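Undergrad: Take a look at the following structure, please.
The values are calculated or read from the model by the stated rules, or taken from the named source; none is laboratory data. Owing to the predicted nature of the structure, the values given are computational and were not obtained by experimental measurement. Cβ: placed from backbone, ideal geometry, glycine included. Neighbour counts: every protein chain shown.
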Amino acid sequence: MADIRFEGVRKNFGKFAAVDAVDLEVKDGEFMVLLGPSGCGKTTLLRCLAGLEQVDSGSVHIGDRDATDLPPRRRRIAMVFQSYAVFPHMKVSENIGFGLRMQKEKKSVIEERVRSSAELLHIEELLDRYSSQLSGGQRQRVAVARAIATNADVLLMDEPLSNLDALLRLEMRAELKTLLQSLDATTIYVTHDQIEALSMGDRIAVMNKGRIVQLGNPLEVYDNPADTFVGGFIGSPPMNFLEAKVTTNGGTSSVEVSGGSFGFPGDVAALAGHSLLLGIRAESIGVETAAADGLVRAKVIVLEPLGSYNLVTVRCGEDTLKVSISPELFPQPDSDIWLRLEPTRIRWMDRDTGVAIHTGIEKLATETAVVIS
Amino acid sequence: MALRRLRIGRALAYVAAVVISLWILAPLYFITVAAFSTFDAVYEYPKQLAPQNVSTDTIRVFLDSEGITESLRRSMYVAAIAMVACLLIGTPAGYALARFKFRGANPFQLALVSTRAFPLIIIAVPLAVTYLRFGIDDTIYGVALAHVAFTLPLTVLITASVFAGISYELEEAAMTLGCGRFSAFRRVALPLALPGVAASTIFIFVTSWNEVFAAAILTLTNRTLPAQMLAALDFSPLPYRLAGGFFLMAPALVVIFFIRKYLLTTWGSAAR
């Protein structure tokens, strides 16, 4: 039960800035995901919060305390490591009770909490085993049970699911999310898996090269990326980017891509003076089987039926795009289809800086999202 | 066909294992048998495979010989001092080498290895002169110091590799769970390193127990067992030599017997 504040946190390894002036506030009880490719500084930022790395400048606050110079044991945190770090010379029960023993809790309290934590993770029957007698998934459960047993204010997770096989990861993702909803600890969760981030986080901080490039809820980050990096990193398939030109003739504007052109209804003043990239999600592209006004022709390269939708890779002029279409539509390779690049679904980016440019006509998913509670 | 070849291969491996084991064990066995035979039986040919008249005559004669019990006690002192000193200095040094990045770590490691590159005989005279100058010649502490000097570098290297094999994340996990730097070491790294540390302890003990050269040149009256035996070897009877051989090898065997569980877990897990 504590909020967290990073203020201008910097951490260098030699000349390499692993974390570069990061400001971030995490609300009490929030599930915050740090997402980014390997080497982006997300784990280092987490370790700065844990006290396992000393920050070079800036400060870290946990609750109302300045934790910048506190050792890990005084920060009231618990951490789940990527390798699980289950102590091999202790039984599962001793592992789970380790933190409580260090806090000099009464024996009866320790026993009770070990039992209840083990129950939450469904590992009651493993309490007398050693870590070498456990499977990877079981070890992972022990590591989580050990972390929650101490009732820490803040729960830190460093890629906890990355060493599990795909099926187990899927299962554990939902279970972990359910479990963490029932605790009121503030959680910081590091991952490079964008699906994990989208599916679990209250908010996602997308990191690249030691900086936070976008902070928002999953829908926001997915639908309205702050730059080409976020658009290309999040989503499967990633966002399509095409070089584009916008021209205004009289009162009407039109967009020109290498495969053709179409009308653009909005105010294009914001786009003037930029070399542009047109970004659009695979599912935002409309597909028609015959030519019509405002459509761009594309040639099908390959069709991948995926059950819930069909993914087509198409060639549109000089650009290659991924388009997701109805699972009942089967355009064959070398056939032509016509694409509708819906202006309200286009996310404009500056080609040189990669930063998003807003025209004001974007239809944002966050505005139409329905929350049922 | 392939199966048969496999079986032949296995059989050959077993034969080789038996031959190599016999090569090492047979002398140990005959020394032990001789040490527990009567005085006369030692001279008998052909040798009996099983001990005929078990007796402690030979041993008693050996122990009653001039200076033997004293040198035996001195050997134990020296080995004990060497062990304690090496563990107290070597284990932390090995830990530091494994865990911390510091300037000169690699040259330091190389320097440690290079101490083994010089045969002792090269430094024998300077060593003796230095000992005389400091007035620590002919003392068991002087011999212990020499043994520490010989074994410390390898102790550091062995414990460094043991600690390097223990994930630092385990200690970090302990730190997030309420341990300080030292208590994380004591509760997590040290228990896990114990087998390896035990292995290096045996190494120190056996090296010191059997070390003869430095002990012989650095002492005159306060000799350790090997030095004492070396001095008496030329003019002592066969039973004396065999009983002495038994005393040189027995402690090492006993120690290895009790500590072998740790040896196997260290090396077995490293091989996996």
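Undergrad: For B:Phe163, are the conditions met, namely being among the aromatic types (Phe, Trp, Tyr) and within 14 Å of another protein chain (Cβ to nearest Cβ)?
TA: no
Undergrad: I need the full set of residues from region B:100-123 which are free of Cβ contacts under 8 Å to residues at least 12 places away in the same chain and within 21 Å of the chain's Cα centre (by Cα), in order please.
TA: Within region B:100-123, B:Ser114, B:Ala117, B:Phe118, B:Pro119 qualify.
Undergrad: Please specify each residue of region B:172-183 satisfying the condition of being at the interface with chain A (Cβ under 9 Å from one of its Cβ atoms) and either touching a strand residue (DSSP E or B) at 6+ places or on another chain (Cβ under 9 Å) or assigned to a helix (DSSP H, G or I) (or both).
TA: Correct list: B:Glu172, B:Ala173, B:Ala174, B:Met175, B:Thr176, B:Leu177, B:Arg181, B:Ser183.
Undergrad: If you take the residues in region A:293-325 that are of a type in the set (Gly, Ala, Ser) and touching a strand residue (DSSP E or B) at 6+ places or on another chain (Cβ under 7 Å), which one is nearest to A:Phe262 (Cα to Cα)?
TA: Ranking the qualifying residues of region A:293-325, first place goes to A:Gly294.
Undergrad: Another question about this same structure. Quick one: is B:Leu157 of a type outside the set (Gly, Ala, Ser), farther than 18 Å from B:Arg74 by Cα, without any contact (Cβ under 8 Å) to a residue 24 or more places away in the chain and part of a helix (DSSP H, G or I)?
TA: Answer is no for this residue.
Undergrad: Pick from region A:244-259 the residues that are buried (at least 18 other Cβ atoms within 10 Å of the Cβ) and in contact with a Cys (Cβ under 8 Å, 6 or more places away or on another chain): which of them is nearest to A:Asn208 (Cα to Cα)?
TA: Applying the filter and picking the extreme gives A:Val257.
Table: residues versus (1) buried (at least 23 other Cβ atoms within 10 Å of the Cβ); (2) under 21 Å from B:Gly94 (Cα atoms); (3) polar (S, T, N, Q); (4) within 14 Å of another protein chain (Cβ to nearest Cβ).
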position: B:Thr115; (1), (2), (3), (4): no, yes, yes, no
position: B:Ala149; (1), (2), (3), (4): no, yes, no, no
position: B:Pro153; (1), (2), (3), (4): no, yes, no, no
position: B:Pro191; (1), (2), (3), (4): no, yes, no, yes
position: B:Pro195; (1), (2), (3), (4): no, yes, no, yes
position: B:Ile204; (1), (2), (3), (4): yes, yes, no, no
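Undergrad: Okay, next question. Tally the residues that are in a helix (DSSP H, G or I) and either within 13 Å of chain B (Cβ to nearest Cβ) or closer than 10 Å to A:Ala149 by Cβ (or both), restricting the search to region A:116-131.
TA: 5
Undergrad: Looking for whichever is in contact (Cβ under 8 Å) with a residue 12 or more places away in the chain and within 13 Å of A:Val33 (Cα to Cα) here; the options are A:Val221, A:Val246, A:Val255. Which one fits?
TA: The match here is A:Val221.
Undergrad: Modelled with pLDDT of 85 or more, in a helix (DSSP H, G or I) and among the basic types (Lys, Arg): which single residue out of B:Arg103, B:Arg187 fits that description?
TA: Selected residue: B:Arg187, the only one of B:Arg103, B:Arg187 that is modelled with pLDDT of 85 or more, in a helix (DSSP H, G or I) and among the basic types (Lys, Arg).
Undergrad: Are there any pairs, at least 6 apart or on different chains, whose C-beta atoms fall under 8 Å, with the first in region B:187-215 and within 26 Å of A:Met102 (Cα to Cα) and of a type in the set (Gly, Ala, Ser) and the second assigned to a loop (DSSP other than H, G, I, E, B) and modelled with pLDDT of 85 or more, and if so, which?
TA: Listed pairs, sorted by first residue: B:Ala189/B:Ile166; B:Ala193/B:Ile166.
Undergrad: Identify the single condition in (1) assigned to a helix (DSSP H, G or I); (2) out of contact with any Pro (no Cβ under 7 Å at 6 or more places or on another chain); (3) over 23 Å from B:Thr224 (Cα atoms) that B:Ala128 does not satisfy, given that it satisfies every other one.
TA: The single condition B:Ala128 does not satisfy is (3).
Undergrad: Take A:Leu70 and tell me if it is under 21 Å from the mean Cα position of the chain (by Cα) and more than 9 Å from every other protein chain (Cβ to nearest Cβ).
TA: When the stated conditions are applied, A:Leu70 does not pass them.
Undergrad: Looking at the structure I just gave you, is B:Leu263 at pLDDT 85 or above and surrounded by fewer than 21 Cβ atoms within 10 Å (Cβ to Cβ)?
TA: The answer is no for B:Leu263.
Undergrad: Output the residues belonging to region A:116-175 that are of a type in the set (Lys, Arg) and over 26 Å from A:Cys40 (Cβ atoms).
TA: A:Arg129, A:Arg139, A:Arg141, A:Arg146
Undergrad: From the list A:Pro37, A:Pro88, which residue is in contact with a helix residue (DSSP H, G or I) (Cβ under 8 Å, 6 or more places away or on another chain), part of a loop (DSSP other than H, G, I, E, B), surrounded by fewer than 20 Cβ atoms within 10 Å (Cβ to Cβ) and more than 10 Å from chain B (Cβ to nearest Cβ)?
TA: Going through A:Pro37, A:Pro88 in turn, the sole match is A:Pro37.
Undergrad: Does A:Gly29 qualify as being touching a residue at least 40 places away in the same chain (Cβ under 8 Å) and either at positive phi or in a loop (DSSP other than H, G, I, E, B) (or both)?
TA: Answer is yes for this residue.
Undergrad: Being touching a Ser or Thr at 6+ places or on another chain (Cβ under 9 Å) and closer than 16 Å to A:His89 by Cα is the filter here; which residues of region B:151-172 pass it?
TA: Once the filter is applied, which keeps residues that are touching a Ser or Thr at 6+ places or on another chain (Cβ under 9 Å) and closer than 16 Å to A:His89 by Cα, region B:151-172 yields B:Val162, B:Phe163, B:Gly165, B:Ser167, B:Glu169, B:Leu170.
Undergrad: Condition check: part of a strand (DSSP E or B) and within 11 Å of chain B (Cβ to nearest Cβ). Does A:Ala18 satisfy that?
TA: No; evaluated as a whole, the condition is false for this residue.
Condition check ((1) under 30 Å from A:Ala197 (Cα atoms); (2) of a type in the set (Gly, Ala, Ser); (3) surrounded by 13 or more Cβ atoms within 10 Å (Cβ to Cβ); (4) in contact with a helix residue (DSSP H, G or I) (Cβ under 8 Å, 6 or more places away or on another chain)) across all residues:
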site: A:Leu242; (1), (2), (3), (4): yes, no, yes, no
site: A:Ala269; (1), (2), (3), (4): no, yes, no, no
site: A:Asp293; (1), (2), (3), (4): no, no, no, no
site: A:Tyr309; (1), (2), (3), (4): yes, no, yes, yes
site: A:Gly317; (1), (2), (3), (4): no, yes, yes, no
site: A:Ile325; (1), (2), (3), (4): yes, no, yes, no
site: A:Phe330; (1), (2), (3), (4): no, no, yes, no
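Undergrad: Going by what's in this entry, would A:Met102 be described as out of contact with any Asp or Glu (no Cβ under 8 Å at 6 or more places or on another chain), of a type in the set (A, V, I, L, M), without any contact (Cβ under 8 Å) to a residue 40 or more places away in the chain and at the interface with another protein chain (Cβ under 10 Å from one of its Cβ atoms)?
TA: yes
Undergrad: Considering region A:186-198 alone, what residues qualify as being crowded, with 22+ Cβ neighbours inside 10 Å and not hydroxyl-bearing (Ser, Thr, Tyr)?
TA: Hits for region A:186-198 are A:Ile188, A:Val190, A:Gln194, A:Glu196, A:Ala197.
Undergrad: Still on this structure: Looking at (1) surrounded by 14 or more Cβ atoms within 10 Å (Cβ to Cβ); (2) free of Cβ contacts under 8 Å to residues at least 40 places away in the same chain, which one does B:Pro126 not meet, given that it meets all the others?
TA: The failed condition is (1).
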